[in-house]
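Peer 1: Sharing a structure with you now.
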Amino acid sequence: MKERKDTWAGVLRPSGRECPIGLLQSFERDLGTSFPDDYRDFLITHNGGRVIVDHRIPLPEAGFDIQLCHLSPICVPSPGSGIIESRAHQVTDRSGVSRAIEIGDDGGTGFFMLSFRGIDRGSVYFAWKEDYWASASFGLGDDIPLPEEFVLVSPSFAALAQLILRHRERA
């Protein structure tokens, strides 16, 4: 296996929970695809965590700044919610889009989503929770752009860590 640089070192405090490889592989089979390498490596290495770098990521095309507070682990015991549990709710409620999965949040108002297949595979998006739940785009094909409510934050998961460091707030 090729050695990869850990782009999240120094950006977050890992969850402290091990990511069971068999569970990750089973989840990927259920999705019908494997996660992009950078996100898969992140789950295996850190399995989610709390972002410890104060930052504000500007999204000029959307007219606001965002902050990533938390990245979800693969799975957590009830009543918590990891990406597997979030995906189960998404499928049951037919909310969001079928080719993107909730991977984190901003601490209350919005979700960070990872596109795991399609024309924008690996890209990270932000959506306000009210827009996400109201989205009627669950069955969109892989070749259709995501709805405008989903704002592109980063072209890849690894680039998201670099974006956080680039927009770190200095005291």
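Values in this text are rule-based calculations from the coordinates and carry no lab data. None of the values given here were measured: they were computed from a predicted structure. Because the Cβ atoms are built from the backbone with ideal geometry, glycine has one as well, and the counts that use them run over all protein chains shown.
Peer 1: May I ask for the net charge around ILE84, where only other residues with Cβ less than 12 Å from the Cβ of ILE84 are counted and Lys, Arg are +1 while Asp, Glu are -1?
Peer 2: So the surrounding residues net to -3.
Peer 1: Taking the Cβ of LEU71 as the centre, find all other residues whose Cβ is under 11 Å away and add up their charges (Lys, Arg: +1; Asp, Glu: -1). Before the final figure, lay out the partial values.
Peer 2: Values: positive: ARG13, ARG50; negative: GLU102, ASP105.
Net charge in that neighbourhood comes out at 0.
Peer 1: Sort 15-23, 156-164 for me by packing, meaning the mean count of neighbouring Cβ atoms within 10 Å per residue, highest on top.
Peer 2: The most tightly packed comes first, giving 156-164, 15-23.
Peer 1: Still on this structure, I have one more. For the range 12-166, list log₁₀ I(q)/I(0) at each q in 0.14, 0.15, 0.19 Å⁻¹, using the Debye formula over Cα point scatterers of equal strength and ignoring solvent, two decimals each.
Peer 2: Values, matching the q order: -0.64, -0.74, -1.28.
Peer 1: I want the local charge near PRO14. Using Cβ-Cβ distances under 11 Å, sum +1 for each Lys or Arg and -1 for each Asp or Glu among the other residues.
Peer 2: The answer is +1.
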